Amino acid sequence: MSNLSTTDRKIDSDILISFQGVNKWFDHFQALKDINLSVKQGERVVVCGPSGSGKSTMIRCVNQLENHQQGTIHVCGREVYGNMKQLEQVRREVGMVFQSFNLFPHMSILQNVTLAPMRNSKISPAEAREIAMHYLERVQIADQADKFPNQLSGGQQQRVAIARALAMKPRVMLFDEPTSALDPEMINEVLDVMGELASDGMTMMVVTHEMGFARKVADRVVFMDEGRIEENCSKEDFFTGGRGERAEAFLSKILQH
Amino acid sequence: MTKPPLKTRRKLTIVDYICFGLVGAIIAYAIYRVSDVLVYNWNWSRVFNFVLYYDEESSSYVPNLLLLGIATTLRLAFWATIVAATIGLIMGYMRTSKNLAMRMISRCYVELVRNIPPVVFIFIFYFFLSGQLMPVIGLDDLDKNGTFVSSGIFYILFGDPKLFSNFVAGALCLALFEGAYITEIVRAGIQSIQKGQWEAARAVGLSRLNVLRDIIFPQAIRKILPPLAGQFITLIKDSAIVSLISIQELTFLATEVASTTTKVFETWIIVGAMYFILCYSFAATFSHLEKRALRARR
């Protein structure tokens, strides 16, 4: 059993996420159409596209917050589907940051970050605290550790959410529009933290409209429209004109101002 | 620093005085009718004797039937609330479950209870419980002279040991009945938790049990405590219906007092006042606690 999984991993050692022919429907609406995509270790992939194009749905399929109905998704060499125990295992290797932060409002900042390590890897509270403080320092918010989420600004909350995801020491980080719910003056503090994370070599999949961030940080840009991946190319190609009509139209709309 | 403007004092207007006057007039008329037209010989002290009576032998006041009745009512409410909350927590979670069978079972339970008159429900369950369940559990053969059973603690918790199986049946009937309402409160509480909380908890890899224990229930319970407290008060009032299956609580004993003394009005007015004082003081306490909790959270 363990032998099998290690060999599995070796084969795909540098591919952490792969989608093969994935389809997903919400009732009769097809949200994802024949998605094929792979993300290598250390790669930063930015996913963009108009709203309703399926980019959030796609990223949420990685840790199965949404279930796909056809095709296969592998994360860190394991297929994600059904089996709860295996799914929990996958989710511990995949950190996720949400648009609306989703911190646990009844817990202090520190408790928010220590919860998962304590519950999942059965480490002592002191050890969990140490890990948590390390990551809170990394997102520069350690001095607020004893406050509660509603006492922090949106930007601070999102940074805590990043620390909470990192505390599980994930191999991949997923960001689902991490700056869309933020006031403009707070967007940069979050993007800076994400940029640092990228420069430390974290594998990242980011759904965002922040094209400046994509230019600076991404290795690859995926453009989606109507549930399909329309473009999947290097950042250079995407921003220097190697893009199709729809991507062109989208970019001209969001870069107008 | 500028000070906030002073609150303007609320003044009574003419409309208020007219309303007060009307209510006063209605009460005065009722008193006039009762004292003048209705030929009735009021005698409060006889009924008061059934609340407290003066024992010549020990020369002290001793609680009598009605006060003992309200103690039983409180015990009933206490135990029924605990059992009902347990039922409600489990059934309420099942109501929100993904599993169809679980949802169907809990839905049937809730609809069954809500669409049958409480009295009928209690009759059905009482005869089932006392006829089938009690002998199986063996409560009828409870050793009345056991050290725990004959102790004071047992009396405080469950009342007279001789009436124990009767008391348990009444408490269970009430609990099954109120459990359906608590189920709906719990369901609403769980459903009021944002989807994002479930997602965030799952995304960090918490197991299903930990998601509920660490994230969902703590938040849901904070939200449902006020309606739960309200349901406890409702339960105190609803407990009057178990008098129909001869549980010796306040209403049951009041019918006895009323028939032995023939002082019907006095008895029921006093009993009404007792229920009112009990329920209102609980309501006031709960709303005080709620306000304090709100302030503390800020």
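Quick notes
- Residue in region A:75-91 that is more than 10 Å from chain B (Cβ to nearest Cβ), without any contact (Cβ under 8 Å) to a residue 40 or more places away in the chain, surrounded by fewer than 20 Cβ atoms within 10 Å (Cβ to Cβ) and in contact with a Phe, Trp or Tyr (Cβ under 8 Å, 6 or more places away or on another chain) present: no
Let's see how each residue does on (1) of a type outside the set (S, T, N, Q); (2) surrounded by 10 or more Cβ atoms within 10 Å (Cβ to Cβ):
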{"residue": "B:L12", "(1), (2)": "yes, no"}
{"residue": "B:A25", "(1), (2)": "yes, yes"}
{"residue": "B:S35", "(1), (2)": "no, yes"}
{"residue": "B:V39", "(1), (2)": "yes, no"}
{"residue": "B:R46", "(1), (2)": "yes, yes"}
{"residue": "B:F50", "(1), (2)": "yes, yes"}
{"residue": "B:E57", "(1), (2)": "yes, no"}
{"residue": "B:N64", "(1), (2)": "no, yes"}
{"residue": "B:G69", "(1), (2)": "yes, yes"}
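- Residue match in region A:139-149 (condition: closer than 28 Å to A:R44 by Cα, away from every other protein chain (no Cβ under 13 Å), within 17 Å of the chain's Cα centre (by Cα) and surrounded by 18 or more Cβ atoms within 10 Å (Cβ to Cβ)): yes
Okay, residues lined up against (1) charged (D, E, K, R); (2) touching a His at 6+ places or on another chain (Cβ under 8 Å); (3) in a helix (DSSP H, G or I):
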position	(1), (2), (3)
A:S180	no, yes, no
A:M186	no, no, yes
A:E189	yes, no, yes
A:V193	no, no, yes
A:I229	no, no, no
A:F238	no, no, yes
A:G242	no, no, no
A:A247	no, no, yes
A:S252	no, no, yes
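- Residue within region B:230-252 that is more than 14 Å from chain A (Cβ to nearest Cβ), among the aromatic types (F, W, Y) and assigned to a helix (DSSP H, G or I) present: yes
- In region A:100-137, the qualifying residues are those that are surrounded by fewer than 18 Cβ atoms within 10 Å (Cβ to Cβ) and within 15 Å of B:W198 (Cβ to Cβ), and the one that is nearest to the other protein chains (Cβ to nearest Cβ) is A:H106.
- The residues on offer are B:L244, B:L278, B:L212, and the sole one that is at pLDDT below 90 and surrounded by fewer than 19 Cβ atoms within 10 Å (Cβ to Cβ) is B:L244.
- Region B:161-189: number of residues that are free of Cβ contacts under 8 Å to residues at least 40 places away in the same chain and closer than 23 Å to B:K223 by Cβ: 1
- Filter result for B:L100 (farther than 30 Å from B:S246 by Cβ and at pLDDT 90 or above): yes
- Residues in region A:210-257 that are acidic (D, E) and under 24 Å from the mean Cα position of the chain (by Cα): A:E210, A:D219, A:D225, A:E226, A:E230, A:E231, A:E236, A:D237.
- The listed residue being among the small types (G, A, S), surrounded by 23 or more Cβ atoms within 10 Å (Cβ to Cβ) and within 25 Å of the chain's Cα centre (by Cα), out of B:A200, B:A220: B:A220
- Leading residue by the ranking (nearest to the chain's Cα centre (by Cα)) among those in region A:22-60 that are of a type in the set (K, R) and part of a strand (DSSP E or B): A:R44
- Among the residues of region A:199-227, those identified as among the small types (G, A, S) and in a loop (DSSP other than H, G, I, E, B) are A:G201, A:A218, A:G227.
- Residue match in region B:52-72 (condition: in contact with a Gly (Cβ under 8 Å, 6 or more places away or on another chain), of a type outside the set (F, W, Y) and over 28 Å from B:I221 (Cβ atoms)): yes
- Here B:E256, B:E249 are screened, and the one residue that is surrounded by 20 or more Cβ atoms within 10 Å (Cβ to Cβ) and either in contact with a Leu (Cβ under 7 Å, 6 or more places away or on another chain) or of a type in the set (D, E) (or both) is B:E249.
- Qualifying residue in region B:268-277 (condition: in contact with a helix residue (DSSP H, G or I) (Cβ under 8 Å, 6 or more places away or on another chain) and over 22 Å from B:D160 (Cβ atoms)): yes
- Scan region B:187-226 for residues that are farther than 30 Å from B:T285 by Cα, outside any helix (DSSP H, G or I) and more than 9 Å from every other protein chain (Cβ to nearest Cβ) and the total you get is 0.
- If you filter region A:153-180 down to residues that are away from every other protein chain (no Cβ under 13 Å) and within 20 Å of A:I131 (Cβ to Cβ), you find that the one that is surrounded by the most Cβ atoms within 10 Å (Cβ to Cβ) is A:R159.
- Any helices (runs of 4 or more DSSP H) falling wholly within region B:12-99 and containing at least 3 residues that are within 27 Å of B:F177 (Cα to Cα) and not hydrophobic (A, V, I, L, M, F, W, C): B:65-95
- Annotation for region B:153-176: no member residue is part of a helix (DSSP H, G or I), under 25 Å from the mean Cα position of the chain (by Cα) and under 30 Å from A:S121 (Cα atoms).
The values are calculated or read from the model by the stated rules, or taken from the named source; none is laboratory data. Predicted, not measured: the structure shown is a model, and the values here were computed from it. When we count neighbours, we look across all protein chains shown, and the Cβ atoms used for this are built from the backbone with ideal geometry, even at glycine.
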